[in-house]
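The values are calculated or read from the model by the stated rules, or taken from the named source; none is laboratory data. All values reported here derive from a predicted model rather than from experimental measurement. So basically every Cβ, Gly included, is an ideal-geometry build from the backbone, and we count neighbours across all protein chains shown.
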Amino acid sequence: MKTPRVTGIGGIFFKAKNPKKLAGWYRKHLGLPVNDQWFGWSFEWRDAKRPKRKGATAWGLFDSKADYFGSRRQGHMLNYRVADLRKVLAALRREGVWVDPKGIEQSDFGRFAWIRDGEGNRVELWEPPKGA
C-alpha cells in the first residue's frame, strides 16, 4: 500500500445563516466552547504513536455568503493535514487534479493550498508549521 498523502483531518468548516446564533446553539446544547471572534473551536489531541506530540483539529462556522469555500453553493469544507504540501501538490498535478493557481499560502499557522475533489468541492490542504 502506498504511503498516505493525508495524515489526518486538520479542520471541519461549514456555513451558517447566522454564525453567532449557531455558535450559541453549539455552546448551549453540545457544550462546545466556541470562540466568539472566529466562531470556532480547536479540539486538541495527542498522536497515538508519539503521545508527547500534540495536535489539533479545528471546527468552525463561516457566514453563508463567504467565498472561502470557493463557491457559495458549497456548504462545507474539509481541511486535511499533510506532511509535505509541495510534494502532495506536485503528485496531484501530475494526476490531473485541479490545484488552485494562487499556490501555497504561508501563515503563522502553517502552509495552505486548495484543490477540488472529483465532484468539484473545494478541499483545503494544510501543512502544520514545523514543531506543531
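Looking at region 19-68, which of its residues are among the hydrophobic types (A, V, I, L, M, F, W, C) and within 20 Å of THR7 (Cα to Cα)? So that I can check it myself, show each step before the final result.
First pass over region 19-68, keeping only residues among the hydrophobic types (A, V, I, L, M, F, W, C): 22-23, 25, 30, 32, 34, 38-39, 41, 43, 45, 48, 56, 58-59, 61-62, 66.
Correct list: PHE43, TRP45, ALA48, ALA56, ALA58, TRP59.
Does region 40-47 contain at least one residue that is under 16 Å from ALA83 (Cβ atoms) and either at pLDDT 95 or above or touching a Lys or Arg at 6+ places or on another chain (Cβ under 8 Å) (or both)? Yes, some residue in region 40-47 is under 16 Å from ALA83 (Cβ atoms) and either at pLDDT 95 or above or touching a Lys or Arg at 6+ places or on another chain (Cβ under 8 Å) (or both).
The residue that is nearest to the chain's Cα centre (by Cα), among those in region 104-131 that are surrounded by 12 or more Cβ atoms within 10 Å (Cβ to Cβ) and of a type in the set (Gly, Ala, Ser), is ALA113. Return only the number of the condition from (1) touching a Lys or Arg at 6+ places or on another chain (Cβ under 7 Å); (2) among the aromatic types (Phe, Trp, Tyr); (3) farther than 17 Å from TRP126 by Cα that TRP25 does not satisfy. Result: TRP25 fails condition (1) only.
Of the residues contained in region 72-95, one or more are found to be modelled with pLDDT under 95 and either of a type in the set (Phe, Trp, Tyr) or over 16 Å from the mean Cα position of the chain (by Cα) (or both).
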